[in-house]
Structures are given as structure tokens and as C-alpha cells.
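Structure record follows, encoded as C-alpha cells.
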There are 2 protein chains.
Amino acid sequence: MAGFASLAELQDACHHLPKAHAGAAEQVARREATLTKPPGSLGRLEELTHWLALWQGRHPPRLDRVEILVFAGNHGVTAQGVSAYPAEVTVQMVANFENGGAAINQLAKAADAKLKVTALKLDQPTADFTQAPAMDEAAFLEAVSVGAAAISPDADLVCLGEMGIGNTTAAAAIAAGLFGGGGARWAGRGTGVDHAGLTRKQHVIDAALARHAAMLDDPLLVAAALGGRELAAILGAALAARRHSIPLLLDGFVATAAIAPLARLNADAIRNAHAAHVSAEAGHRHLLEALQLSPLLDLNMRLGEASGAAVAVLLLRAALACHTGMATFAEAQVSNKKG
Amino acid sequence: MAGFASLAELQDACHHLPKAHAGAAEQVARREATLTKPPGSLGRLEELTHWLALWQGRHPPRLDRVEILVFAGNHGVTAQGVSAYPAEVTVQMVANFENGGAAINQLAKAADAKLKVTALKLDQPTADFTQAPAMDEAAFLEAVSVGAAAISPDADLVCLGEMGIGNTTAAAAIAAGLFGGGGARWAGRGTGVDHAGLTRKQHVIDAALARHAAMLDDPLLVAAALGGRELAAILGAALAARRHSIPLLLDGFVATAAIAPLARLNADAIRNAHAAHVSAEAGHRHLLEALQLSPLLDLNMRLGEASGAAVAVLLLRAALACHTGMATFAEAQVSNKKG
């Protein structure tokens, strides 16, 4: 199921998707109404338990196998001076992930989640997309397939994140390609470029949009021409999670931009996804609005690495603990609402 | 230190407060700058670690002893039909807390926090404050002192929450008394009153403001006349936490209204406090703005019981795990920012 041999096959997969499990979600709602609290008073925590059951098709839902997938890639566009950090940081940070020293290692532990890091040909950066498509069709499909293969079919929840110096430029280019508005609307400071760097980023995005104008109508071509390997892998992983009916937490701007082409092909293809947070990266809030995703957290984070998604896992665990552990009105002999 | 014999003594305590520990906070900032992430990229998580050290006076800060204090009280104003639930639910829910069946029991466990529930004379509701002050000075000071005595001086973090049928009416009355705007601005649906109930609540608040107009200039008299025992206990607990320099997480609208009189006396008296969340209760967002508190979470919760504060403890644990567990640029041999 994981590999995609052509864009047509990939596109077809986006349109043949399993239904959500309304029955399990209804069981959540029925139990929720009996628990010792005013109806709806746990707010989004109640929504989250409902959502877990809706996709897992199980009541109560469970969070025994939570997987955090981080994909890493390198970007030819870094030659244009769009990042505050040198490109070699990508491979150094992958080593840091493997040695347990990064933020996501601490957060995955706190969330009791398994961290899987996949580096995609870090020694072969994608092409500078101001000059040529970032990836040709074969390279794009290969990265999508790597992402799809990283999904464990029996995971209870998947979090998707990334690492790649230069990739907020790719994310902004994809967002601009799909939704319009140009570099000025979508570029942000990423890891921390100064004003001159931000202006360069905007120009780079506008140059890329001009060069690839002919393919902006096709979301998958946008993903190939303006994206990167780690973004393509996230797209593949998200689609595989949808096909396996696994609930999905998206991390920040880059992860959201990576799955945006899926949503443009078929809004139903990302219906199993929640935005874990809205990041401080300028374009993220616009992009979430465009995709009708309402973020769970707003903590001014902008690290990537699935860090925001890992924090949101804590909310899911809290929600599930209430749903499964609380007493009912009858059990606790608490009087229910008047009249 | 816990007991207050007069309003003058209580007021005096609000004006003689220890300083925060700038040195420990500076140590946090120094280490934070060396960790393998762009500066500031963990957003509010970084702020939270800084804040813990600032009040604990310790680097690294710790979260070994997290206490969740829930105070419960009954309200004479329930006679006016301001709640969707009968008043006996307060005592029933206290039993539910003791038996481990409420939301806060599950959330306290998830947050690895100790839950302490204090019921304040549930068989003696406060007076209906449309007719008389809710509490006289002695009853108010007694409840404040009970709250202050509930603080463990060696706690690393305290969360404050409440249970009390009718207490969103008391909270709205306090907010209106301190900040103006009347019942229409501050009343919300609480546990779920219908439109007629909401209108009654607004009128009840306006009647109380008219009756007690002469004392609205004195924040402590507002707390006594328009509050309730559990709100007074929260005020006392918050002041004691401030005097012991313990970081404080406030739960929702009622807990925030309970400490608002302290803030009106001296803004510095709540400087150790973070708002854990903004609740769905209508007045909470206005009140947080009036107190210049920026909530950590916005999850549409409106349960009380310190439930929002308990969820926010999870954020603090995540923040601290990153601060203490991450590798530095030097340790991980990751290249730092260019130029």
C-alpha cells in the first residue's frame, strides 16, 4: 500500500478513502453525557475523545501506541541565503535526535510517544526552486512513498513534524502556490532571519512562483516543484494515516504546508487531522484558516521537529483520562440538571 | 502566617510582599540560549521555565511537589434561580472528589499532582447578596484564613480551583463590582442556564451592585459582600502562595474573580500567577484582560474544579523537561546561528 508509482496513482488514492466510524464516536457522546460534569464543560477535550473514536473506530479510544514521525531533508534554495543557520545543521540535528538531545526527544518522552526520525538523502539537497523544480516526479514519488511506509498501521495516533534548514521557504512557496498572495503574505522569519533575510525570502518565493506558474493548478506538481523531500514524505505519511484511519496531529507551518496539497485535491483527505498548534511563523495562521483547521494550542512556538504536536498529545491523554476514568451521575449519586 | 484577624491586617499583607528571584531567572535565560534550538523557538514554554525559576528562586526550577487546591462553598443567591443545578450538587461533588470520580481526579493524576479538597461550611450557605452582604467580616476572614492555611510552604507550584453551585454569579458580581459594566457584561451561562436564567443572573448582579454600592471602592469589602466562602479561601491561598513565593496557576472565571480584589489592592500581589486558561464562561476573557493575564490555554472548558489549571501543569512539565534535558550546541556539536 505504501508505494506510489505515478502521480495519477497518488491522486487516485486521495479520492478513494475509507469512511470515519460514526458508531464509535456516538458511543463516546453517549458516555460523555452521563459523566459528572455539565454537558460540554470539558470543551475541546470532549471533542478530542470523540475525534479519536471517530477515526480509530473503537470505544473507548486508546493511546497506547503514539508515534511521532520526524522527516528531515535538505534544500537547494538555501543557496539564496534564506536561513539564519547553515545547511549542515540539518544533518547535525538528525544526529542530535538520535542522541536524545533535542527538544522533541524530551517532549516525546513527556508524551509517552515513540519517536521515529527519517532522514531523506541529506547529502542530495533538492534543486534550488528558483532555477528548476525542487524535485522531478520520480524523486517526489520516492519521498512520498518513504513517508507512507513510515506509518505503522496499528498506531493509535500519529504526529508529523520535520527538520530541514530552508524549509519554511519551501512551505511558504507551497502555500503561496496553492492559495495565492505571494511571498509577502506567506514568508516569515523561520529560525530567525533578519529583515534583509525576510525580504530575500519573499523575493525567492515570488521568483519561484513566476518560474513554476504553469503548474500551480495541480497541487501535486506544486508539492514537487516548490516543496522538499521531508515535505513530500509528510504528505505521503498523512495520506497513509488517512487510509489506515489513524488520527493525525500536524505540527507547525511546514507540516501544515506539506499536507495542504492533499487538502486541495480532496478536503476529505485530511479530515482525520487536527492542527496541534498555531506557530509563531507568520504564514501559519493564514494557512490554518485556508484549510479550516482550528489549532489546539497557541504557545508562540516555532521550532518544528513535531514539538507542538508532542505537546498536544498531552491534551489528548488528559481528555481520554477524563472520558474513561470519570464517574457517571448515577455511580456518584450526583443530582443531574434541573427540569 | 496563615490567619488574618482584621481586614486591615489582610490589606497590609497585600502590600508587604517578597521580591521575585531575578538571579535564578537569569540562570534559566543563560542556559536556554545554549540549547539546540533557535533562540525563543519554544515560545511560551521558555517563558514558563523562566517564571518557575523567578518565583521558586532555584535553577533549575522543579515540579516535584505540585498541589491542586479545590475549595467548595455554598451560596444563598441560588435561591434566586441562577444555576442549572440544585445547590445540593456542591456537597455531592465534594464526595465525588473524595471518591476519585470527578474530572479533576483524572486530571490531577495525569499531571502527577496532589489534590487537596477543602469544603467550607457547606451546610451554611452565605447570605443571598441581593438581600445582605454574602459574608460579614468575621466569616470572610475565617474563609480567607482557611485558604491561606491550605498552602504548603514547600510546594513547587500551586493550582487554585473551586466548586460551588451559584458561584459564577458571585464571580460575575465581584468582577462587576471591581471593574464596572454590570450584569450584562459579566454574567455567563455557568453550568448551563437557559436564556431566562441568564437574564435572571444579570438582574441579580445588578440588584447586588445597587444594594452594596457604598462598598464598591474597597476591594476586600467587595470580596466579602459579593463573593463566597470558596472565593475568599482562594484569595487567602493566593496571597499565602505569593508570600511564600510559590508560582500559582489560576483556573477559570471563578478563581480569577476570587483573586481580582488582591490585584486591585496591589497588582504586585498576583505577579506570581499565570492564568492557566481562558474559559468559555462569558466574563472570563474580559476579566483576564482587566488583570493583564494572558491565558496559556483556550480549550473552551468551563468546568471549574481546577480542571484547566491541571491541564496547564502538563505544559509546565513539558517546558521543564526541555530546559533540563536538552543538549547544548556545544555538547551536540551543532553549528550555531550564522554571522
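The values are calculated or read from the model by the stated rules, or taken from the named source; none is laboratory data. This one's a predicted model, so the numbers in the text were calculated from it and none came from an experiment. Neighbour counts are summed over all protein chains in view; Cβ atoms, including those assigned to glycine, are modelled from backbone coordinates with ideal geometry. All accessible areas refer to the heavy atoms of the entire protein, side chains included, with ligands and DNA or RNA removed. Shrake-Rupley method; radii C 1.70, N 1.55, O 1.52, S 1.80 Å.
With angles folded into 0 to 90 degrees, how steeply does helix A:167-179 sit against the dominant principal axis of chain A? Use alpha carbons for both and round to 10.
The angle comes out near 80 degrees.
At q = 0.15, 0.17, 0.18, 0.25 Å⁻¹, work out log10 I(q)/I(0) for segment A:66-163 with the Debye formula, treating every Cα as an identical point scatterer and leaving solvent out; two decimals please.
For segment A:66-163 at q = 0.15, 0.17, 0.18, 0.25 Å⁻¹, log10 I(q)/I(0) is -0.68, -0.84, -0.92, -1.31.
Explain nothing, just the number: relative contact order of segment B:5-149, from Cα pairs under 8 Å at least 6 residues apart, as a whole percent. Kindly include the intermediate steps, with their values, before the conclusion.
Values: 135 pairs, mean separation 37.5, N = 145.
Relative contact order for segment B:5-149 comes out at 26 percent.
Ignoring ligands, DNA and RNA, how do B:Asp154, A:Asp128, A:Asp112 rank by accessible area with a 1.4 Å probe, largest first?
These residues rank, largest area first, as A:Asp112, B:Asp154, A:Asp128.
Rg and Dmax of the protein assembly as shown over Cα atoms: what are they, in angstrom?
26.5, 80
For A:Asp112, go 7 angstrom from Cα along the Cα-to-Cβ vector, then report the distances to that same point in the other copies in nm, smallest first.
Copy-to-copy label distances for A:Asp112: 1.2 nm.
Excluding ligands, DNA and RNA, what is the solvent-accessible area per residue of chain B at a probe of 1.4 Å, expressed in Å²? Please report the intermediate quantities before stating the final value.
Working: 11370 Å² over 339 residues.
Per residue, chain B has an accessible area of 34 Å².
In the structure shown, do any of A:Lys337/B:Lys201; A:Lys37/B:Lys109; A:Lys116/B:Lys37; A:Lys37/A:Lys337; A:Lys109/B:Lys337 have a Cα-Cα gap over 21 Å, and if so which? Walk me through the numbers on the way to the answer.
Working: A:Lys337/B:Lys201 17 Å; A:Lys37/B:Lys109 18 Å; A:Lys116/B:Lys37 19 Å; A:Lys37/A:Lys337 10 Å; A:Lys109/B:Lys337 27 Å.
Exceeds cut-off: A:Lys109/B:Lys337.
Between B:Leu297 and residues 5 or more places away or on another chain, which pairs have amide H atoms under 5 Å apart, with H built 1.01 Å from N, and which residues are they?
B:His277, B:Val278
Remind me, what semi-axes does segment B:94-229 give for its equivalent ellipsoid, largest first in whole Å, using sqrt of 5 times each Cα gyration tensor eigenvalue?
Working: eigenvalues 160, 72, 36 Å².
Three semi-axes, in Å: 28, 19, 14.
For peptide A:301-307, what's the mean number of Cβ atoms from other chains within 10 Å of each residue's Cβ?
Values: counts 8, 6, 8, 3, 2, 0, 7.
Shielding by partners across A:301-307 averages 5.
Nearest-to-axis residue of chain A, judged by Cβ, for the A-to-B rotation, with distance in whole Å?
Closest Cβ to the A-to-B rotation axis, residue and whole-Å distance: A:Leu314, 2.
Give me a single rounded figure for A:314-327: the average over its residues of other chain Cβ atoms within 10 Å of their Cβ.
Average neighbour count from other chains, rounded to a whole number: 6.
When the accessible area of the protein assembly as shown is split by element with a 1.4 Å probe, what percent falls to carbon and sulfur? Intermediate values should be presented prior to the final figure.
On the way: 11380 of 22740 Å².
Using a 1.4 Å probe with all protein chains present, the protein assembly as shown comes out at 50 percent carbon and sulfur.
What do you get when you divide the Cα radius of gyration of segment A:1-48 by 2.2 N^0.38 Å, with N the number of residues?
On the way: Rg = 18.4 Å, N = 48, 2.2 N^0.38 = 9.6 Å.
Here the Cα radius of gyration is 1.92 times the empirical estimate.
Using alpha carbons only, how many degrees (0 to 90, rounded to 10) separate the axis of helix B:44-56 from the longest principal axis of chain B?
Result, in degrees: 80.
Please report the base-10 log of the normalised intensity I(q)/I(0) for segment B:47-111, using a Debye sum with one equal scatterer per alpha carbon and no solvent, at each q in 0.12, 0.13, 0.19, 0.22 (1/Å).
Evaluating at q = 0.12, 0.13, 0.19, 0.22 Å⁻¹ gives log10 I(q)/I(0) of -0.54, -0.60, -0.83, -0.93.
For peptide A:182-191, compute the average count of partner chain beta-carbon atoms within 10 Å of each residue's beta-carbon.
Details: counts 0, 0, 0, 0, 0, 0, 0, 1, 2, 5.
Per-residue shielding by partner chains comes out at 1.
Segment A:205-339: percent of C-alpha pairs farther apart than 22 Å? Spell out each step's value before the answer.
Details: 4193 of 9045 pairs.
For segment A:205-339, the fraction of Cα-Cα distances above 22 Å is 46 percent.
Give the aspartates and glutamates reachable from B:Lys121 as a straight Cα distance under 17 Å; neighbours fewer than 8 places away on the same chain don't count.
B:Glu88, B:Glu98, B:Asp136, B:Glu137, B:Glu142, B:Glu162, B:Glu230
Tell me the distances, shortest first, between A:Arg58 and the same position across the other copies, using label points 7 Å along Cα→Cβ, in nm to one decimal.
Copy-to-copy label distances for A:Arg58: 3.9 nm.
Hey, what do the phi angles of segment A:236-246 turn into as Karplus ³J(HN,Hα) couplings, whole Hz, using 6.51/-1.76/1.60 and θ = phi - 60°, x for Gly and Pro?
Taking θ as phi minus 60°, the curve returns x, 5, 5, 5, 5, 4, 5, 5, 8, 6, 9 Hz for segment A:236-246.
How far apart are the A:Gly181 label points across copies, placing each 7 Å from Cα toward Cβ, in nm, shortest first?
3.1
Just to be sure I understand: with springs between alpha-carbon atoms less than 10 Å apart, which residue in B:Pro261, B:Pro153, B:Pro133 has the highest mean-square fluctuation in the Gaussian network model of chain B?
Comparing B:Pro261, B:Pro153, B:Pro133 in a Gaussian network model of chain B, the most mobile one is B:Pro153.
I want to make sure I understand the PRE zone here: with the label point 7 angstrom from the Cα of A:Gln292 toward its beta carbon, which residues in segment A:239-267 have backbone N atoms less than 13 Å away?
Hits in segment A:239-267 for A:Gln292 at 13 Å: A:263-264, A:266-267.
Quick one: the Cα spread of segment B:92-139 along its three principal axes, in angstroms, biggest first?
Ordered largest first, segment B:92-139 gives principal extents of 42, 20, 16 Å.
Largest first and to the nearest Å, give the Cα extent of segment A:142-298 along each principal axis.
46, 35, 26
Binning at 20 Å from 0, report for chain B what percent of all alpha-carbon pair distances ends up in each bin.
With 20 Å bins starting at 0, P(r) equals 33, 54, 12, 1.
I'd like the per residue volume of the convex hull spanned by the Cα atoms of segment B:192-283, given in cubic angstrom. Don't skip to the answer; put the middle values down first.
Details: hull volume 8.8 nm³, N = 92.
In segment B:192-283, the Cα convex hull volume per residue is 96 Å³.
Below 8 Å between Cα atoms, with a sequence gap of 6+, how large is the relative contact order for chain B in percent? All intermediate terms of the calculation are to be shown ahead of the outcome.
Numbers: 708 pairs, mean separation 81.8, N = 339.
So the answer I get is 24 percent.
Return the value, in Å² to the nearest 100, of accessible area buried between chains B and A (probe 1.4 Å, both sides summed). Could the numbers behind the result be given before it?
Working: alone 13520 and 13510 Å², together 22740 Å².
Approximately 4300 Å², summed over both chains.
If you consider only alpha-carbon coordinates, what radius of gyration and Dmax does segment A:266-339 have, in Å?
17.6, 51
Suppose each label sits 7 Å from its Cα in the direction of the beta carbon; what would the A:Asp12-A:Ala210 distance come out to in nanometres?
Between A:Asp12 and A:Ala210, the label points sit 3.9 nm apart.
Counting C-alpha atoms alone, how compact is segment B:4-100: give Rg to one decimal and Dmax as a whole number, in angstrom.
21.5, 59
What angle, in degrees between 0 and 90 and rounded to the nearest 10, separates the Cα long axis of helix A:195-211 from the longest principal axis of the Cα atoms of chain A?
With both axes taken from Cα atoms, the answer is about 80 degrees.
Looking at the calculated P(r) for segment A:28-70, what percent of the C-alpha pair distances fall above 11 Å? Could you put the intermediate results ahead of the total?
On the way: 616 of 903 pairs.
For segment A:28-70, the fraction of Cα-Cα distances above 11 Å is 68 percent.
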